[in-house]
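Structure first, then comments.
Since every read-out is calculated from the coordinates, none of them should be taken as a lab result. The shown structure was predicted, so the numbers you read here are calculated from the model rather than taken from an experiment. Quick reminder, even Gly has a Cβ in these numbers, built from the backbone with ideal geometry, and neighbours come from all protein chains shown.
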Amino acid sequence: MNVYFLVAAALAFFMGLLHSVMGERFFLVRLLKREPLHHFGDAVYVNRTARIAWHLTTIAWWNAAAILIILSLRSLDQTAFIVARIISNIFLLSGLLSLIGSRGRHLSWVIFLLISLVAWLGTY
């Protein structure tokens, strides 16, 4: 069993959970109160679309976690190696974007980079 992949999966799942719960509680409520752009549809349509897009991110992270769990239970063949490195790169780029975009204020970059590092270590 590859413990590195399990740790990365747990972090990715945790990140998705925090993203959805905290997003609904602190971010989306404020975001969706603003006046929507009328050429995109009515307020209900715009708000639902924003909420769906927000939670699609969580679903993507949970699927990355599921893939890492499956990889942790298998031997590291070439396909598993490539998939793990792709997942590691996804979280690396997410971490860098979060770090640069928020100028380090949004601490998600720490978790993203940790997931990336642990998934990368799992390939050795």
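Taking every alpha-carbon pair under 8 Å whose residues sit at least 6 apart, the range 76-124 reaches a relative contact order of 46 percent.
Across the range 44-106 the C-alpha pair distances fall into 5 Å bins from zero in the proportions 4, 15, 16, 18, 18, 13, 9, 5, 2, 0 percent. Ranking of Thr79, Thr49 by neighbouring Cβ atoms within 10 Å, starting from the fewest: Thr79, Thr49. As a rough footprinting exposure proxy, the listed residues Ser88, Ser98, Ser108 were ranked by other beta carbons within 10 Å of their own, and the order from fewest upward is Ser108, Ser98, Ser88. Across the range 3-121, the mean sequence separation of Cα contacts (distance under 8 Å, 6 or more residues apart), normalised by length, yields a relative contact order of 37 percent.
Here mean projected area of the Cα convex hull in nm² was calculated from the structure, and among (1) 8.4; (2) 7.4; (3) 12.3 it sits at label (1). If we count trypsin sites (Lys or Arg not before Pro) as exposed when they sit in a DSSP loop and have at most 15 other beta carbons within 10 Å, what is the longest stretch of the chain that avoids them all? Longest gap between qualifying sites, sites excluded: 35-73. When the chain is treated as a Gaussian network with alpha carbon springs shorter than 10 Å, the biggest mean-square fluctuation among Phe14, Phe112, Phe26 belongs to Phe26. Note on the chain: GNM, Cα springs under 10 Å; of Val44, Val29, Val83, the largest mean-square fluctuation is that of Val44.
Between the amide H of Gly122 and any residue lying 5 or more places away or on another chain, no distance stays under 5 Å, with hydrogens modeled in the peptide plane.
Can you tell which of His55, His106, His19 shows the greatest fluctuation in a Gaussian network model of the chain with Cα springs below 10 Å? It is His106.
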